[in-house]
Amino acid sequence: MAFSINIPCRIYSGTGCVKAHGTEFALGNRAFIVTGKSSAKLCGALDDVCSVLAGIGVGFEIYSGVRENPPVTDCFEAGRICADKGCDFVIAIGGGSAMDAAKAIAAFATTEYAECTDIFDYSKKKAPSLPLICIPTTAGTGSEGNRYSVLTLPDGKRKRTFSHDDSWAKKVFLDPKYTYTLSREYTFSTALDAFHHAMESYLSPKSDDLSRMLAIYAARNIWDVLSQLPEQFSENMRASLLYASCAAGIAISVTGTGFPHPLGYSLTLLDGIPHGKACAAFAADYIEYNRKNELGETLIGEFCAALGVKVKVLGELLVGLASVDLCMTEEQIAEHVELIKSAGNYANSPYVLSVDEMYDIYRKHFAAKRKRGNC
Ligand code: NAP
Ligand code: FE
């Protein structure tokens, strides 16, 4: 019955919160605004931020070059641009890709690392990162509520996470209206990601009373929405998903994530499956393997009871929502598993998955169809 938490960021929420708290954007003289290709403009957040900055006399540069699953190489270059433009703080507007990239850019702007991958070695950091403001436009990663930045390595086939103490956003603005333009498919996928954060956090050996409370709050609210299989997401649903995903992001700041995350990384980078769906493809396996362990069985039971859903049904429904339909040869399965088998997440569940079991899971999902001649 104890907890320990450090959430060093100020979170504002509600429709219109950016303009309502405009003076909070005065973190420096010149902002480096980091976005993806078009969503920040499309959803209205970029215009709101630019008008707030103009109103308080803060200059800005817009960098709209963030790609999905941001490559560390891109962030390295963007960090130099940020420094060359004389920007002294960073504003991320977008999904997990823009927010994670912004954390890396804020670090690259102040430390001239010899190699871009040096960012993963905390001992090579020479100066604090630039201050960061996060404005999520997806309800999924919860990156605004933790210090993680998940980047794609230069080989384009693996992801790696850094989590510097100063990578937390100083301020966060949660405006559900910015998520209205997200497509139905991405809304489901990002909600599945947030749900997985909640579930994997709840089962983590590092969880405590407070992180479990956040995880249950998040899971319940997300499940309430997803289980309705909405054709369209109402404003209330959008708000509920956004606040829940932030809470789940804070929960994983305490615990980290479990094995669906690394298992999913290969599906994202090699097969183009969006992150949330790639994690949820392994939801039933996560539940099944953890139930082999007494503690895992208890925690899954508690988690499902809090949601009012039967344990077996939960896994099936999540896998159904992910609807990942891939067919792989044995060589392809080996390529996928070899890329993710050394991730740190496997120790972060009551049941610790072996490499053989990773192969079993991949074969069960992706080779079985080949045997039946379906591909
Ligand atoms: P994303 O990669 O940030 O964005 C996916 C797509 O959605 C992009 O095409 C983006 O367009 C578009 N989009 C974003 N917001 C939109 C909006 N409001 N309206 C219309 N389109 C919108 O997706 P994500 O799932 O949020 O982030 C995934 C990344 O986060 C992965 O790299 C994953 O590994 C990472 N992640 C991080 C954490 C963490 O704790 N730090 C946790 C889980 C996952 P634009 O390109 O135009 O912006
Ligand atoms: Fe995730």
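No lab work stands behind these numbers, since they all come straight from the coordinates. Bear in mind the structure is a predicted one, so any value in this text is a computation, not a measurement. No Cβ is skipped: glycine too gets one built from the backbone with ideal geometry, and neighbour counts run over all protein chains shown.
Between 0 and 90 degrees, the angle of helix 355-366 with respect to the longest Cα principal axis of the chain falls at about 90 degrees. Computed from the C-beta positions of residue 338 and residue 3 and an R0 of 30 Å, the FRET efficiency is 0.20 to the nearest 0.05.
Our summary gives the chain a relative contact order of 15 percent, counting only alpha carbon pairs under 8 angstrom and 6 or more residues apart.
Between residue 112 and residue 331, how high is the FRET efficiency from 1/(1 + (r/R0)^6) when r is the Cβ-Cβ distance and R₀ = 41 Å? Nearest 0.05.
The pair residue 112/residue 331 has a calculated efficiency of 0.50.
Each residue of the range 56-63 was assigned a 3J(HN,Hα) from its phi angle through the Karplus expression (A = 6.51, B = -1.76, C = 1.60, θ = phi - 60°), giving 9, x, 9, x, 7, 10, 9, 10 Hz with x at Gly and Pro. The eigenvalues of the Cα gyration tensor, multiplied by 5 and square-rooted, give the range 184-371 an equivalent ellipsoid with semi-axes of 25, 20, 14 Å from largest to smallest. Over the Cα atoms of the chain, the radius of gyration divided by the Kirkwood radius equals 0.96; this is the Rg/Rh ratio.
As a quick test, which of the pairs 19/177; 157/341; 125/277 have an alpha carbon distance above 22 angstrom in this structure? Where the Cα-Cα span goes over 22 Å, the pairs concerned are 125/277. May I ask for the angle, rounded to the nearest 10°, between helix 45-55 and the longest principal axis of the chain, with both axes built from Cα atoms and the value confined to 0 to 90°? Orientation of helix 45-55: about 20 degrees from the principal axis. Treating only the Cβ atoms of Lys and Arg (+1) and Asp and Glu (-1) as charged, compute the dipole magnitude of the range 184-371 about its Cα centre; round to the nearest 20 debye. Charge dipole of the range 184-371: 240 debye, to the nearest 20. The amide H of residue 174, built 1.01 Å from its N in the peptide plane, has 12, 13, 14 as neighbours under 5 Å, considering only residues 5 or more places off or on other chains.
With the biggest extent put first, the Cα atoms of the range 10-179 measure 40, 30, 25 Å across the principal axes. For the chain, the longest principal axis of the Cα atoms and the long axis of helix 235-255 meet at an angle of about 80 degrees.
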